[in-house]
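The structure under discussion appears below in the form of structure tokens.
The values are calculated or read from the model by the stated rules, or taken from the named source; none is laboratory data. The model shown is predicted, which means the values in this text are computed figures rather than measured ones. Please note: Cβ atoms are built from the backbone with ideal geometry, for glycine as well, and neighbour counts cover all protein chains shown.
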Amino acid sequence: MPFWDLLKLSLQTFRTHKMRSFLTALGIIVGVMTVISIVSLIQGMNQEVERQISSLGSNSIFVQKVAWGMGHVDFEELGHRPDLTLDDARALARLPSVDKVAPQRSRQISRIIYQGEKVTSVNVLGATPEVRVTGNYKVESGRFINSDDNRRKRPVCLAGGYIVDNLFPEENPIGKRIDIRGHRFTIVGVLERKGSFLGQSQDNLIITPLLTFSKYFPLPRSRRGRIFRSLSIQVTPKKGARVDAVIDEIRELIRRRHGLGY
């Protein structure tokens, strides 16, 4: 049937069945808008997930004694695994495919205090200055920790936005001294906000030099506590390096250094 005849027939049908035609058109419009909304929602969710993952450190590789997300923990078996050390971190830094290496330890502190005000359940991270790159941390004000801070075990720290909001709502936190488990730490920098990751705030955070952390927050000496005394080592590959290939190199190096089989 010619196009103009089809158009004429369609107009006649529309005039004869106005309500049915209106509902059909409405259904098509709603269906198209629903598809567009779903696609936009999925794209938005993908972008948010990518943002949260990148906030952890783009292409970062974590080398740990205890794997993330372990279900049943066999403490007897873990106790026989060798600890990761600063010498391991130095060896990793010499790999040609590795850009930055940041050995680190962390623990959750029940509270930190400033002039009677407190913030609870604070994550305290002790790391070398390279964590600024491996962990994708940016400084909003002040400065980052440096090698001299670490070597001298200075009681200095950077504070996340959540801590600043709650302890210093109307004053500059730089130079202020906060109480962390009875120890006085001077804030030398404020971190840019990262938001949350999997529902957990990344801004309820204190970063100290690694050797400072080891001095002021010794890990438990119990049998189970010794399992978690090992360092974690965060590694950033060089630009252009294949992450899976770098992981294989790291695994081979660590196992060889500790006399483990393949």
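So the values come out like this:
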{"item": "Residue tally, condition among the polar types (S, T, N, Q) and either within 14 Å of residue 178 (Cβ to Cβ) or not assigned by TED's automatic domain parsing to the domain that holds residue 218 (or both), over the stretch 111-136", "result": "2"}
{"item": "Sole residue being surrounded by 20 or more Cβ atoms within 10 Å (Cβ to Cβ), assigned to a strand (DSSP E or B) and not acidic (Asp, Glu), chosen from 118, 100", "result": "100"}
{"item": "For residue 116: the one exception among (1) of a type in the set (Gly, Ala, Ser); (2) on the phi > 0 side of the Ramachandran plot; (3) within 16 Å of the chain's Cα centre (by Cα)", "result": "(3)"}
